[in-house]
Amino acid sequence: MGTILSHRIPWRRFSAPALLVRFAPWAGGYVRRCFNRALVLFAETLLAVLSYLAAVFLLAEQQDAAWPRQVLAATLPLLVFVRLASYLLFGLWKRSFRYASIPDLICVVKVVLPGSIVIFIVAHLGLFNVRLPRALFLLDGILLLCFLGALHFGLRVYKAQRAFHRKDGRRFLIVGAGDAASAVVRELAMDRDSPGRPVAIVDDDASKLGSSIGDVSVLGGLHDLPRLVRALNVDEVMICIPSATRSQMRRILAACREAAVPVRTLPTLAELVDGSVSRRQA
């Protein structure tokens, strides 16, 4: 029986080297992710301390010489505890820097505002024998908003500025200035690894003329497309109107043929769901 089991069960798959090879990549990724999140949490806590220190010393000129030391000794542990609890409660430390957006900004406000209110209430319960002006907590909250905003959005802003000012890649002209076009323009303009960059937008809605999406302006209507293609050395036209009717598409394609420029169309959601167009082609 022992011989039969030894042939049937692949014991080598359960040996220490085999298990290490199998689970090492997963374990390494997990450890790296935990380390990065712990580092972010530490940085956020450090910024909370720095913002409070800055607020205290900015108001120190209006107080006596011993006031900063007394305030910090009495309230700094409370501040660190409340700020750390806010970070853990709202999960700000788990937010991606690369994809920071409006929800992340809202999360920053959620972290700072309730924490400041809690610190203010506790500090004014008479537990501390030191004067704590209201301006201290207001200034601390404003500074922390700025610091956390810089931490979470600084990388994205830096990459966006580099992408906006790049000169390489294909030059795209976008047809349409709606939600779909806005998403495409942001993706092309803010991603340095994209195949090109948008240089202009055209839309027949006269109310949108002169407006911009990011740094890309709406320079005219569909009748201006051939002229803009030549003037801006456009390499390709991208139609970003998923709800366009057949007659509208015929007009757009006719203008593209007149400009003798390649064209691609953003598919509709129905086409993506049906599988007639793959996401990669989109």
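The values are calculated or read from the model by the stated rules, or taken from the named source; none is laboratory data. It should be emphasised that the depicted structure is a prediction, and the values quoted were computed from it without experimental measurement. Counting neighbours? That spans all protein chains shown, and the Cβs are built from the backbone with ideal geometry, glycine included. The accessibility values were calculated without ligands, DNA or RNA, using every heavy atom of the protein model including side chains. Shrake-Rupley method; radii C 1.70, N 1.55, O 1.52, S 1.80 Å.
Note down the nm distance, to one decimal, between modelled labels 7 Å out along Cα→Cβ at ARG162 and at GLN63.
4.2 nm
Sticking with the crude label model, points 7 Å out along Cα→Cβ, report the distance from LEU88 to SER212 in nm, one decimal please.
About 4.5 nm, to one decimal.
Using a 1.4 angstrom probe, figure out how much accessible area the range 210-265 has per residue, in square angstrom, rounded to the nearest whole.
Working: 3150 Å² over 56 residues.
In whole numbers, the range 210-265 has 56 Å² accessible per residue.
Would you work out if the range 123-173 is rounded, prolate or oblate? Take a ≥ b ≥ c from the square roots of the eigenvalues of the alpha-carbon gyration tensor; rounded if a/c is under 1.5, else prolate when a/b is larger than b/c, oblate otherwise.
Here the range 123-173 falls in the prolate category.
By what distance, in whole Å, do the Cα atoms of the range 63-215 stretch along each of the three principal axes, largest value first?
The Cα atoms of the range 63-215 stretch 66, 32, 31 Å along the principal axes, largest first.
Leaving out ligands and nucleic acids, note down the accessible area per residue over the range 102-187 with a 1.4 angstrom probe, in whole Å².
55 Å²
Roughly how many nanometres apart are two label points built 7 Å out from the Cα toward the Cβ at GLN70 and CYS146?
A separation of 2.8 nm, rounded to one decimal place.
Between VAL49 and HIS124, what length comes free when the chain is fully extended (0.36 nm per residue of separation minus the Cα-Cα distance, one decimal in nm)?
25.0 nm
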